[in-house]
There are 4 protein chains.
Amino acid sequence: MISIEQAIDEAMRYARTFLPEGKVATYIPELAHGDPGQLGVCLITKDGTVYHDGDWQQEFTIQSISKTICLIFALQTAGYEKVFSKVGVEPTGDAFNSIVKLETKTLHPLNPMINAGAIATASCCMDLEDPFGAFMDLTRRLCGRESIQLNESVYLSEKKSGMRNRSMAYLMQSDNILECDAELALDLYFRMCSVSVTTEDLARYAVVLANDGVDPATGERLVENWIVRIVKTLMVTCGMYDGSGEFAMKVGIPAKSGVGGGIMASVEDRMGIAAFGPALDAKGNSVGAYRVLEYLSQALRLHYFAGKDL
Amino acid sequence: MISIEQAIDEAMRYARTFLPEGKVATYIPELAHGDPGQLGVCLITKDGTVYHDGDWQQEFTIQSISKTICLIFALQTAGYEKVFSKVGVEPTGDAFNSIVKLETKTLHPLNPMINAGAIATASCCMDLEDPFGAFMDLTRRLCGRESIQLNESVYLSEKKSGMRNRSMAYLMQSDNILECDAELALDLYFRMCSVSVTTEDLARYAVVLANDGVDPATGERLVENWIVRIVKTLMVTCGMYDGSGEFAMKVGIPAKSGVGGGIMASVEDRMGIAAFGPALDAKGNSVGAYRVLEYLSQALRLHYFAGKDL
Amino acid sequence: MISIEQAIDEAMRYARTFLPEGKVATYIPELAHGDPGQLGVCLITKDGTVYHDGDWQQEFTIQSISKTICLIFALQTAGYEKVFSKVGVEPTGDAFNSIVKLETKTLHPLNPMINAGAIATASCCMDLEDPFGAFMDLTRRLCGRESIQLNESVYLSEKKSGMRNRSMAYLMQSDNILECDAELALDLYFRMCSVSVTTEDLARYAVVLANDGVDPATGERLVENWIVRIVKTLMVTCGMYDGSGEFAMKVGIPAKSGVGGGIMASVEDRMGIAAFGPALDAKGNSVGAYRVLEYLSQALRLHYFAGKDL
Amino acid sequence: MISIEQAIDEAMRYARTFLPEGKVATYIPELAHGDPGQLGVCLITKDGTVYHDGDWQQEFTIQSISKTICLIFALQTAGYEKVFSKVGVEPTGDAFNSIVKLETKTLHPLNPMINAGAIATASCCMDLEDPFGAFMDLTRRLCGRESIQLNESVYLSEKKSGMRNRSMAYLMQSDNILECDAELALDLYFRMCSVSVTTEDLARYAVVLANDGVDPATGERLVENWIVRIVKTLMVTCGMYDGSGEFAMKVGIPAKSGVGGGIMASVEDRMGIAAFGPALDAKGNSVGAYRVLEYLSQALRLHYFAGKDL
C-alpha cells in the first residue's frame, strides 16, 4: 500500500481537477468572498503524526460541522431524554434546509444534522448561563486550540440573512418543539455556525472521535463513549446532507460537511481527516474536500466495509 | 465478556418480554397466519461455529430481506450503471411503501431497500431467460441450502393483494423508470419476497457478507467485493425501513429486516446473525428479532462504533 | 352591446392569435394527431338559436369533459351518499394527474373533476348491467344526438398508455376507495374519455345545464335540479384543472375542459357554449377555446359577477 | 316563498342546534374568551332594509374576513400587476395555515385568502405613509361606520403568539416574495385581523359587494367593478378555508369566514348577509354562522345555481 504522504499528494492532484465544477456558497453573503481555487487537507493519526497539504492553515467558518459539536454539547448538558424528545435520528432524503417534513411527516425535525434539527438541539442548552461561551470551551478542547474565535462578520451576516432558518425556528416554536424563543435558539445556532477553524483544528477533533472520545495525545476522555457512538452514527447516515447515502457508499467514513467548505471525517480507531475547499456542489458539499476524502478512502482503504481486496 | 451461548440465552429472554408489543403483519393475507409468540435466532461465526435457539428452524418468507439479494443479483447481471440509473442510494425518512417522493422529490426511487426501489431494481434483470430461476440459484448459493423454495401460497397472496406496490410500479412505468412492463417487474418482485427461509439460511448469507463476499467455509467468493460494500452500506442507512437511523444508533450492525418477521445482520469480519419473530412493530420490523440483536450488540460489543468501554 | 354573431367573429380572430402558444397533447399517443391550427365554436341560446364558426363540426374526444357526465351518471344511479363517500368536493391546487394528496392529505380524491376522483366516481356505477352503455345513452340524450360513438382507437390508446391513471386506481383500490377492481373502473373511465363529440354536441349539453337540467327545446327535464347545481358548482371551482381559479376570475362561467381540445361552458339561464382547438397550454386547457370564451365573456358580459359597468 | 323575517327566525333556530358541535378558537389566546353560545345575524337588502336577530350587535374581531378588504386595498393602492406577481388565484385544498405548498408546489402563495397569501398581499401596501390608517379608512367606508376600531388586546395577542404566520412570512422573505421585511408585513396583517366589527358592519360591506361595489344607499362607487369581480370570485373558490368547495355546493353564495366567528356573504344584486357565532368547526368556520347561511340559502333560494325548483 502507498504511504500516507503519497496518498495525500495524489488525492490533492485528483481533487483539484474537480474544483471548476463547484461554486462558492452565496446564500450567506459573507461566504461569497471565498476563493473557489483553494484546497487544503490535514490528517492526524492516532499516534499523533500530522500530515498536511495545500491551504490547510486557512481559516474558514465551521458551519454545519458545528452540528456535531452542538449535539455533543446538548447531550452533555441537557441529556439524552431531553434532546431526543425534540429531534429524531432518522435520515430524511430532503435538502438540509427543507421545511416540508416538519409539516407533513412529523412535527419534530428528523435528525440533528439538518438545520431544523440543530436549531432544536441548540434550544436544549439554554439553561446554562452562557451557552455560547460553554460551547466555545468545548469546541476549543475538542480541536485542541485555545485561540479559536467567532467570525463576527459571518455571524452577523447569517443572523441578518437567515430567513429560511428563521422560518423553521418559528414553525417549531409554533409546535412547541423549541425549549426557548425562536430568536434565542437562532442566535446560538448562527454563532455556532460562524466559528472560525482550520483543517488542523477539525482533524484534531476528528481523531478524538476516531479514538472513542479520548484525546490520543493526552489520554484524556473529552466525550463520553455513548455520545461518540451517537454522533458518529449520525455522521454516517446524515452527515453529508442529501448526499449522505452516496458518500457512505463511495467513501464510507463517518463525516460531516459544512457550506464553509470543510469536511471532517473520523476513521475508526485510526485517524482524523479534515479537508477544505470553498467550491461546493449542488447539495452543499465541498467539491474538493469530497474528492480528497474519496481518493484517500480508496488509496488507504478507509471505507468501513473496505474488505480484503479492492 | 460473556460467552456467545450465554449472550444468546439472555437475549432471547430479554426479547420475549417485548413480543406482546408487536402484531403479525396482516396486509398480506397469508402472513396473518404467523404465530406472534415465535422467536428464533441463529448466529454463525466466521470460523463456522453455529449457535441457535428457539424457533431457529421455522420457515418464514424472506420478504424485504430479498431486496439485498435482488440488489446483488441486479448488480451482477445488469451492472452498476444500469441499476443506479433507475434507483438512488439515499435514505428517505418515509415508510417503505410511500409513494409521495416519487412525485414530489424525484421520479427515481430513492434507494433499492424500499419497495419502489426494489421493483425498479428487479426490472433490470429481465434480459435473462429465467430471471427468477437465476435469482433462486443465487439465493441458494448465498444461504448454502439447495432446497430453498418459493412459498407458492404467499406469492399468490401477495400478487393478488399487492395493490399499493402495483400503484408504485405503474407510476414508475409512466415515468419510464422500469426496464419492463409493470406487471412483469411486479411478478418477479412478489416471487422474490415469497422465498421461504430459516434463520440458519439467513445467518449463512449474513456471514458471507460479513466475510467480504467470501464463503468462510469454502473460501469461495460468492459476491464481488464492490457489491458487498454497496449492499452493506445500504443496510446501514436504509435496512430497517424508517427505523434505520434508530437501529444504527442503538444496534449498529448492517442489517435488513422483512415483514415476514426476519432480520439478518452482518458483523464485519466476525459473524452473521439472523433472528425471527412474526410480531412486528409499527414500522414493520420484528419486535423480537430487533430486541435479540439489540441485546447481542451490547453484550458482545458488535456496534461498528462500540469503542473501548461501554 | 354588440351582437352574438359579431362577438363570435371577433372572439375567433382574437383567439387564433394565441394558437401558436399551445401544443397538441402527446401523452395519449392517438391525440398527437390533432391539428393545432384548428379552432371552432358553437353557441346555443336558451331560445334555441344556434351560432357557430370555424371547425365547429370537427369531431374530437370529450376527455375530461366526460367527468361532468360521469358525475351526473353516478349521482343518478348510485346516489349522493355513495358517491361522496368516495370523493370530496374541494379544489386541490394540484395538477389533474397528481397523486401526492392521495397519500399525504386524505385517502379520498379531493373532487370528481380530477382523474383520481373521476375513476372513483366511475367505480360507483358498476352495479349496472352495462355501465358504459347506460353512460352513452345519457350522453346522447344530453347532447341531443343519437349517433354519438366511442372513438375506438383513442380508447385503446388510452387504455394501453394510461399508466399514471392505472397507478392512481391501484392506490385507491389499496385504500378500499374503489367500488370495484381497478382495471374495471379504469376501463369505464378510459371509454368515457374517448367518446367522440362536436362543439354542437357540447353546446347542447351546456345549454341543458344552463337551463337547470331542462332541455329548452322540449321542456323535458334531463337532469335533476340538485345534481345540476352540484355539477355547475364543481365546474366553477375545479373545471379547468389547476387553472380553475384564474378562469373563474377572468372568464367567470361554469366550464369544463378536456385535453382533446374542448371546453364547454354554461351561462346561467342564458346559453351553452362549446369551443374546440387541439393546441393546449401547460395546464392542459385548449389555448384557443380558452381565449374564445374569455373574449365572449367580456363582449357579452357573461361573467357571473359581470356587474354593471365593465 | 316565506318572508325574510320568517326565514331568519327559522335559520336561527336551526343553527342553534348545531352550536354544541363547535369550539371557540384557542390558538389566539384572546379569542378563547368568546362565548360559544352566541349567535347573531344581520341581513341588508339592496333597497336598504335591515333585518337582524340574536347577537347581531356583538363586536368581534374580523380575522380572515379582512383578507377581502386587504385585497381590495392592495389592488387599489399597488395595482393588479404587483399584487398578482406576489400571489396566485388558485384554490389550494390545504388548510389556511399550511406551509407545505410554499416549498413543494410554488414559492408564491396560491391565493390571497390563505394566511400566507394575505401576508404577501399586505406587503404590497407598504409604500403608503400610514398603511394601517389607510386600511382603516377603507374598512370604515365599506362598513358604513366611522367608529370602527382596532381591538388592541387581540392585536397584541396575535402578534405575540402568531409563530406559524411568522414562519410563513420568513419563508416568503427568504424567497423574495415579500415587498418588505417579514415583521412589517406581519404587523400590518395582525392589525388587519384584529379590527372589531359587528354583523351589521359586515352586512353593509357585503351589500356593497353584492351591488357591484356601489353603496346602494348613496349610489357612491366605493370599489372599482373589476376589483369587486376578483374579490367575489375568490370568495367563491377560496372563501371558506378548505371547506370552500362544500360551502359552494351547499350554500352557493360568495362568502368569507373568519376565526373570530364571523361569515359575510354577498348575494349578487340582492343583499348582504353577515352572521356571527364564536363556536368553530374543525376547518375554522363558525358552526352557527355557516348553518344560518345554509338555511337562508335554501329558504330564500340564494344559491347562484338555485335553478327553478328546489
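Every residue in region A:143-162 that is under 24 Å from D:ALA182 (Cβ atoms), open to solvent by less than 60 Å² (accessible area, probe 1.4 Å) and part of a helix (DSSP H, G or I), please.
A:SER153, A:VAL154, A:TYR155, A:SER157, A:GLU158, A:SER161
May I ask you to verify whether D:ARG291 is within 25 Å of C:VAL267 (Cα to Cα) and open to solvent by 10 Å² or more (accessible area, probe 1.4 Å)?
When the stated conditions are applied, D:ARG291 does not pass them.
Could you tell me whether A:ASN165 is farther than 30 Å from D:TYR27 by Cα and either open to solvent by 50 Å² or more (accessible area, probe 1.4 Å) or assigned by TED's automatic domain parsing to the domain that holds A:LEU75 (or both)?
For A:ASN165, the condition - farther than 30 Å from D:TYR27 by Cα and either open to solvent by 50 Å² or more (accessible area, probe 1.4 Å) or assigned by TED's automatic domain parsing to the domain that holds A:LEU75 (or both) - is not met.
When you go through D:GLY284, D:GLY239, D:GLY243, D:GLY262 one by one, which is the residue that is within 13 Å of the chain's Cα centre (by Cα), outside the structural domain of D:VAL83 (by TED's automatic domain parsing) and surrounded by fewer than 24 Cβ atoms within 10 Å (Cβ to Cβ)?
D:GLY284
Is there any pair with a first residue in region D:219-230 that is facing chain C (nearest Cβ under 7 Å) and a second that is part of a helix (DSSP H, G or I) whose Cβ atoms are under 6 Å apart and which are 6 or more apart or on different chains, and what are they?
D:VAL228/D:LEU209; D:ILE230/C:MET249
For region D:170-207, what are the residues that are at pLDDT below 95 and either within 25 Å of D:GLY261 (Cβ to Cβ) or of a type in the set (Gly, Ala, Ser) (or both)?
D:SER174
Show the residue pairs that are 6+ apart or on different chains and have beta-carbon atoms under 6 Å apart, the first residue being within region D:26-38 and of a type in the set (Ser, Thr, Tyr), the second being open to solvent by 30 Å² or more (accessible area, probe 1.4 Å).
Pairs found: D:THR26/D:ALA32.
Are any residues in region A:211-254 over 18 Å from A:LYS67 (Cβ atoms), assigned to a helix (DSSP H, G or I) and acidic (Asp, Glu), and if so, which ones?
Hit for region A:211-254 is A:GLU246, nothing else.
Scanning region C:33-54 for residues that are closer than 18 Å to C:LYS23 by Cβ and of a type outside the set (Gly, Ala, Ser), which turns out least open to solvent (accessible area, probe 1.4 Å)?
C:LEU39
C:PRO91 passes all but one of (1) within 14 Å of chain D (Cβ to nearest Cβ); (2) at pLDDT 95 or above; which number fails?
(2)
Please report, ordered by residue number, the helices (runs of 4 or more DSSP H) entirely within region A:1-101 with at least 1 residues that are under 30 Å from A:ALA120 (Cβ atoms).
Counting at least 1 such residues, we get A:66-77, A:80-86.
Sort through D:ARG270, D:ARG301 and tell me the only one that's more than 22 Å from D:ILE72 (Cβ to Cβ), modelled with pLDDT of 95 or more and open to solvent by 10 Å² or more (accessible area, probe 1.4 Å).
D:ARG301
Looking at region C:243-260 only, could you name the residues that are more than 14 Å from chain D (Cβ to nearest Cβ) and among the charged types (D, E, K, R)?
Selection gives C:LYS256 alone.
Go through (1) closer than 27 Å to D:GLY243 by Cβ; (2) open to solvent by 10 Å² or more (accessible area, probe 1.4 Å); (3) in a helix (DSSP H, G or I) one by one and return the number of the condition D:ARG140 breaks.
(1)
Can you tell me which residues in region B:134-177 are farther than 22 Å from B:SER266 by Cβ, among the polar types (S, T, N, Q) and more than 14 Å from every other protein chain (Cβ to nearest Cβ)?
Selection gives B:SER147, B:GLN149, B:ASN151, B:SER153, B:SER157.
Can you tell me which residues in region B:16-30 are of a type in the set (A, V, I, L, M, F, W, C) and out of contact with any Leu (no Cβ under 6 Å at 6 or more places or on another chain)?
Residues satisfying the conditions are B:PHE18, B:LEU19, B:VAL24, B:ILE28.
I need a count of the residues in region C:94-112 that are modelled with pLDDT of 85 or more and more than 10 Å from chain D (Cβ to nearest Cβ).
Of the residues in region C:94-112, 1 are modelled with pLDDT of 85 or more and more than 10 Å from chain D (Cβ to nearest Cβ).
Could you list, in sequence order, all residues of region B:1-21 that are open to solvent by 60 Å² or more (accessible area, probe 1.4 Å) and closer than 17 Å to B:GLY40 by Cβ?
Answer for region B:1-21, where residues must be open to solvent by 60 Å² or more (accessible area, probe 1.4 Å) and closer than 17 Å to B:GLY40 by Cβ: B:GLU5, B:ASP9, B:ARG13, B:TYR14, B:ARG16, B:THR17.
Only one residue in A:VAL197, A:VAL208 is within 21 Å of A:ILE69 (Cβ to Cβ), open to solvent by less than 10 Å² (accessible area, probe 1.4 Å) and within 14 Å of chain B (Cβ to nearest Cβ). Which one?
Of the residues listed, the single one that is within 21 Å of A:ILE69 (Cβ to Cβ), open to solvent by less than 10 Å² (accessible area, probe 1.4 Å) and within 14 Å of chain B (Cβ to nearest Cβ) is A:VAL208.
The values are calculated or read from the model by the stated rules, or taken from the named source; none is laboratory data. Keep in mind the model is a prediction, meaning the values are calculated, not measured. Using ideal geometry, Cβ is built from the backbone for each residue, glycine included, and neighbour counts are taken over all protein chains shown. Heavy atoms of the whole protein, side chains included, go into the accessibility calculation; ligands, DNA and RNA do not. Shrake-Rupley method; radii C 1.70, N 1.55, O 1.52, S 1.80 Å.
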